[in-house]
Structures are given as structure tokens and as C-alpha cells.
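**Q** Have a look at the structure that comes next, please.
The values are calculated or read from the model by the stated rules, or taken from the named source; none is laboratory data. Not measured: the values here are computed from a predicted model. Cβ atoms come from the backbone with ideal geometry, glycine included; neighbour counts cover every protein chain shown. Note: accessible area is taken over every heavy atom of the protein model, side chains too, but ligands, DNA and RNA are not part of it. Shrake-Rupley method; radii C 1.70, N 1.55, O 1.52, S 1.80 Å.
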Amino acid sequence: MFEGKSILTGVKPTGKPHVGNYLGAIKPAIELARQAGRFSLFIADYHAINAVKDTELLQKEIKEIACVYLAAGLQPDKDYFYRQADIPEIHEITTILYAFTPKGFMNKSHAYKACVEKNLAENKPADDGVNMGLFTYPTLMAADILAMDTDIVPVGKDQIQHVEIARDIAGAINAYFGKELLKLPQYYARENIAVIPGIDGRKMSKSYNNVIPLFEDEKTTKKAVYATVTDSKSIEEPKNPDDVIVYQIYKCVADSQKAEEMAEGLRNGKLGYGHIKGMLLNEILEKTKEEKEKYDYYMAHYDEVKGFLADGAAKARPYAQATLKRLKETIFG
Ligand code: ADP
Ligand code: TRP
């Protein structure tokens, strides 16, 4: 399905990834990369500044996300790995797209709508705290996608609408000029991927403060794992694995045989919460050991990473330049 296709995805540098991001987005992206004809992964730094204005924080988050993806197996020599800020043509393309983007698309965009709904629920003016970057976000995202002649955009469910907007804008431009100036992208929703629960049982998410951090030292990881919510059943009491959050997380991390062993031990009163937290911790540490070493290496050798990003931008930029040229020549003659 992906052979020969151009696949692209963007990641916002907003907070160090956690185990949920790793299993739900980062590893699946790397798997796709190995099947794609051309795989582009860029750091969406211009998207990030809508929310993050602190330069030092932004730099830290860009560095962390870049090192996480490299550690997780992105291949900078094969893949297109770059920073959005290094492809200035994206912004010229965005301006052209604006001229073909109904404002209604932006009004309907769920990132903006979620802000408005939150404001109204808190009795604030609808647009309180909404900047134009957030409002026009889907058009910039469309430019990210269209600039690179993308066939497929792998997304979480929340981003499907944005890819559809990109497709609609591209379709409108192609229809207006009567030729295929822009490739129509398709989204690929990762439906079969589990939502990883956090240590309180809700979806693991930065916004819920319930995460198990990724590539941290043993002590920090242990602290999060051992804070996973449990009831007060003794070791001997039989426990239903479906009610045990530690198990719910474990079965996303460990292979099915190991998960079944834990489930069995819980059902027949052989395993207590201390045991299973230890098992979860070991599994996470073991599964991420090599990648954590790579992560630590890249964090300590960031110049190398910057070199990869610069090379990636040099490879990607000609695509954006060609797209922009096609558009300008058609529009301005
Ligand atoms: P967060 O909820 O921590 O803010 P993001 O919304 O930034 O995470 O998600 C980044 C990517 O990680 C998305 O593709 C999303 O689908 C994936 N993701 C986030 N949390 C989880 C989770 N608990 N389980 C599986 N995938 C997740
Ligand atoms: N909007 C995406 C997110 O919040 C990030 C993103 C920006 C993106 N541009 C993109 C994803 C282009 C895919 C393609 O996660």
C-alpha cells in the first residue's frame, strides 16, 4: 500500500514525548518510513510558536523531539528529516493557499473550535487567547503537505480534518486552473493502534499529567510507574486484569505471552501490585534500553543532529521550490 508513495508527517515540538506518544505515534511512523518510497518527517516549529514563545524552551523541545526520532530509528540518510523553519517556501505557498481558502474552513477547524468552546464554557469572549497562527493553522499545515507532493499523511484521528482541508484547498486550485498543480493528499488513520492508558487510567497525555516519560533515567521512570493508581487488594486476592491499570499499560508494552502471564498471576492471586509494577518498569527499561543510549548520545552530540537536519532541509527544499514555482508561474504568468 505504501510502496513508492510519498509519506509525510509533522511533529510539534511541544513537550518531551512520553510512552504513549512513542507507542502510538513515533514507532508506527518509523515503521511506515521503512515501507515508503519517500518518507518526510519534519519538526513543525512554526506551528509550535502559536503556543510556545519562550526561546529557550522552544530550543529544548526541538532538540528533544529531534533526538527522540533519531533514537527511535529514523534514518537521516534515507528519510527526509528537517525543520519547517528551514523551508521558507512553505510560507509563500501558504500565502497563495490563503487566496483559495474559504474562511469557513478555518472557523470549522477543530483546533480553533476547541479553543472557542473552552472560552465560552468559561464565560470568556469567544476568541480570547486565539492568535492568527492558531486560527489559520490548517492552511500552514496544508502548505507543509502540498509543498512536498505528498501522497499519504499518517495521522491520529484528531488530524484527519486538517488533511481533508489540505485536499480540498489543493482540489480547488487544481480545478480553478484546470491542471494538476498540486498533488491531492490522503490521510492514513492509525485505527488499529491502541490508546495507551496513563498512570491514572485515562488516556496517557501531557495535558493530564499522567505520563510515563520516555528515555528518562531509571529513577524517574520508576517514580512514574510506581505512582500508577491501584486499589488496596492484597497479593492473594484474585484480581480482574481488566480493572488493573498497570496491566492495561503492560499489555501495550510487553508481548502477548508476557501479558498473559501477568493476567494469569493477577487472576489467581499470585501477583501483587508491587510485583506487577516492577514487571512493567523492567519491560519499559528493557524495551527502550538501546534507544535510550542512542537518545543520550544525540543529546550530547547535538551538532551532529543539527547537521542531519540541515542535510534534510537541503534534500526537501527543492520539492517546495518546485511546487512554489509551478504555482507562481501559473498564477502570475
Ligand atoms: P498529548 O496528548 O500527550 O498532548 P499529543 O496530542 O501531542 O499527545 O500526541 C502526539 C501523537 O501521539 C499523536 O499522534 C497521538 O495520536 C499520539 N498519542 C498521544 N497520546 C497517546 C496515547 N495515550 N496512546 C497512543 N497514542 C497517543
Ligand atoms: N498538526 C499536527 C499535530 O498537531 C502537526 C503537523 C503540522 C502536521 N503540519 C503537519 C502533521 C503536516 C502532518 C502533516 O500533530
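**Q** Report whether or not residue 180 is more than 16 Å from ligand 1 (Cβ to nearest atom), in the same structural domain as residue 35 (by TED's automatic domain parsing), in a loop (DSSP other than H, G, I, E, B) and not hydroxyl-bearing (Ser, Thr, Tyr).
**A** yes
**Q** Checking the conditions here, which among 266, 214 is open to solvent by less than 60 Å² (accessible area, probe 1.4 Å) and under 25 Å from the mean Cα position of the chain (by Cα)?
**A** 214
**Q** Checking the structure you have, find out if any residue of the stretch 249-259 is open to solvent by 40 Å² or more (accessible area, probe 1.4 Å) and more than 26 Å from the chain's Cα centre (by Cα).
**A** Checked against the condition, which is being open to solvent by 40 Å² or more (accessible area, probe 1.4 Å) and more than 26 Å from the chain's Cα centre (by Cα), the stretch 249-259 yields at least one hit.
**Q** Only residues in the stretch 1-17 that are more than 14 Å from ligand 2 (Cβ to nearest atom) count as the first member; pair them with residues that are open to solvent by 40 Å² or more (accessible area, probe 1.4 Å), Cβ under 6 angstrom, at least 6 apart or cross-chain, and list the lot.
**A** From the stretch 1-17, the pairs are 2/35; 4/37; 5/37.
**Q** Could I ask something else about it? Go through the stretch 128-137 residue by residue and tally those that are in a helix (DSSP H, G or I) and either open to solvent by 50 Å² or more (accessible area, probe 1.4 Å) or within 16 Å of ligand 1 (Cβ to nearest atom) (or both).
**A** The number of residues fulfilling the criteria is 3.
**Q** Here's a follow-up. Looking only at the stretch 307-331, count how many residues are open to solvent by 40 Å² or more (accessible area, probe 1.4 Å) and within 20 Å of the chain's Cα centre (by Cα).
**A** 1
**Q** Hey, could you check the stretch 143-164 for residues that are open to solvent by 10 Å² or more (accessible area, probe 1.4 Å) and in a helix (DSSP H, G or I) and say which is farthest from ligand 1 (Cβ to nearest atom)?
**A** Within the stretch 143-164, the match that is farthest from ligand 1 (Cβ to nearest atom) is 164.
**Q** Inside the stretch 44-107, counting only helices (runs of 4 or more DSSP H) that do not spill past its ends, which hold 3 or more residues that are closer than 25 Å to residue 298 by Cα and open to solvent by less than 20 Å² (accessible area, probe 1.4 Å)?
**A** Passing ranges, in order: 45-48, 55-71.
**Q** Can I ask one more? Identify all residues within the stretch 126-160 that are of a type in the set (Asp, Glu) and farther than 12 Å from residue 94 by Cα; write none if there are none.
**A** Within the stretch 126-160, 127, 128, 149, 151, 158 qualify.
**Q** Go through the stretch 170-204 and report how many residues are over 22 Å from residue 143 (Cβ atoms), surrounded by fewer than 14 Cβ atoms within 10 Å (Cβ to Cβ) and among the hydrophobic types (A, V, I, L, M, F, W, C).
**A** 1
Each row is one residue, and each column tells you yes or no for (1) modelled with pLDDT of 95 or more; (2) surrounded by 15 or more Cβ atoms within 10 Å (Cβ to Cβ).
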site: 277; (1), (2): yes, yes
site: 293; (1), (2): yes, no
site: 297; (1), (2): yes, no
site: 333; (1), (2): no, no
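**Q** What's the number of the condition residue 192 fails, among (1) farther than 19 Å from residue 17 by Cα; (2) in a loop (DSSP other than H, G, I, E, B); (3) within 15 Å of ligand 1 (Cβ to nearest atom); (4) in contact (Cβ under 8 Å) with a residue 60 or more places away in the chain?
**A** With (1) farther than 19 Å from residue 17 by Cα; (2) in a loop (DSSP other than H, G, I, E, B); (3) within 15 Å of ligand 1 (Cβ to nearest atom); (4) in contact (Cβ under 8 Å) with a residue 60 or more places away in the chain applied to residue 192, the lone miss is (4).
**Q** Next up: Would you mind stating whether residue 187 is within 16 Å of ligand 1 (Cβ to nearest atom) and among the aromatic types (Phe, Trp, Tyr)?
**A** yes
**Q** Would you check which residues across the stretch 108-127 are part of a helix (DSSP H, G or I), within 21 Å of the chain's Cα centre (by Cα) and surrounded by 13 or more Cβ atoms within 10 Å (Cβ to Cβ) and list them?
**A** 110, 111, 112, 113, 115
**Q** Next up: Among the residues of the stretch 195-212 satisfying the criterion of being within 7 Å of ligand 1 (Cβ to nearest atom) and among the hydroxyl-bearing types (Ser, Thr, Tyr), which is modelled with the highest pLDDT?
**A** 205
**Q** Kindly evaluate residue 24 against the criterion of being in contact with a Gly (Cβ under 8 Å, 6 or more places away or on another chain), within 24 Å of residue 295 (Cα to Cα), within 16 Å of ligand 1 (Cβ to nearest atom) and open to solvent by 10 Å² or more (accessible area, probe 1.4 Å).
**A** Answer is yes for this residue.
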